[in-house]
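Working notes, beginning with the structure itself.
Rule-based calculations on the coordinates, nothing more; no lab input. Fair warning: this is a prediction, and the values are worked out from it, not measured in the lab. Here the Cβ positions follow ideal geometry from the backbone for every residue, glycine too, while neighbour counts run over all protein chains shown.
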Amino acid sequence: MCWICDFKTPDAPHGPSAHSPWAPRRAFLLAAGAAATAAVASPALAQVEVGKSSAMRQLVPAASLENSATKQYAQVLAEARAKGALAPEHYPQLQRLRAIAARLIPYAGQWNPRAKDWKWEVNLIGSKQINAWCMPGGKIAFYTGIIDQLKLTDDEVAMVMGHEMAHALREHARERLAKNTATDVGLRLGAQLLGLGQAGDIAAGLGTQLLTLKYSRDDETEADLVGLEMAARAGYAPQASVALWKKMAAANGGNGPPGFLSTHPTGPERIKQLEANVPKVQGLYEQARNS
């Protein structure tokens, strides 16, 4: 996927220990219905061009995969909480992330009708990793490393978040899992041709692969463009997408990229493609800023 879990490594999260303000606290749910108070009426047709989703994703039931992702997300948060690395409700950077998410989420439904019923969550994990991700069903996590080390502006955070949300909205995990296990799934579904009773069990089992799943180049391009448009509609400067990936490219010059950068190529072609699409959504951004 777009991330690597490092909870088993000795890399201690920066921030206070288990008895600090980063102590256990109630979960945050950002329901799409609540976010829709931004009053998004029938949005205009998409300005960026992306292809149709692969029909193969139908081999993995969306609801079952989302349920599996919810369980894994809870496990990730529990492990971070146990290490004193889960940001509390009042933490400024967490509030900043949730405010940005609240502006983006109303534009999710046009890319995936299921998103209107997702129980969106946004959390912040204290770690030096340059990392962020969004699981199926709208479960978002940012690591402090990506914000602090890259010194992200709000516009750049919106581009990262929009990109990760786009992976979930375009069901890239569902498609990747279906393709990665096509033979196994096909055999099981063939055996259940008249009932399909094991489909949910298959999806639940595949969900455990979310920690190691990697997307294709086409998936990444799609996420870039969908995320760019969503951010522009929410009033975030499109040019920030180019600035973001230039920062990523600079950060990628060390001894092997960790987390986010390990699964997000930062070559000039990616920046060139974003530059070509910025003008397509500039009008959306200006309309949002003027409304």
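Check the straight Cα-Cα distances from LYS151 and name the aspartates and glutamates below 19 Å, setting aside those fewer than 8 residues away within the same chain.
Of all the aspartates and glutamates, those that pass the test against LYS151 - Cα under 19 Å, at least 8 places apart if same chain - are GLU164.
Around GLN282, under 14 Å between beta carbons, what's the net of Lys plus Arg minus Asp minus Glu among the other residues? Display every interim value, and only then the final one.
Details: positive: ARG233, LYS280, ARG289; negative: ASP155, GLU229, GLU275, GLU286.
Once positives and negatives cancel, what remains is -1.
How many nm is it between the label spots at ALA78 and GLU269, if each spot is 7 Å from the Cα in line with the beta carbon?
In this crude spin-label approximation the distance works out to 4.2 nm.
Pull out the extension gain between LYS52 and GLN239, defined as 0.36 nm times the separation in residues minus the alpha carbon to alpha carbon distance; nm, one decimal.
Numbers: separation 187, 0.36 × 187 = 67.32 nm, distance 2.60 nm.
Once the chain is fully extended between LYS52 and GLN239, it gains 64.7 nm.
Test of understanding: what is the full-extension gain from GLN93 to GLN149, defined as 0.36 nm times their sequence separation minus their Cα-Cα distance?
In short, 18.8 nm is gained.
Please give me the summed charge of the neighbours of TRP245: other residues whose Cβ is under 9 Å from its Cβ, Lys and Arg +1, Asp and Glu -1.
Details: positive: LYS246, LYS247, ARG270; negative: ASP224.
After counting each charged neighbour, the total is +2.
Students often forget the sequence filter, so: which lysines lie under 26 Å Cα-Cα from LYS280 once same-chain residues fewer than 8 apart are removed?
In chain and number order, the partners are LYS52, LYS116, LYS246, LYS247, LYS272.
How far apart, in nm, are the 7 Å Cα→Cβ label points at LYS116 and LYS214?
3.8
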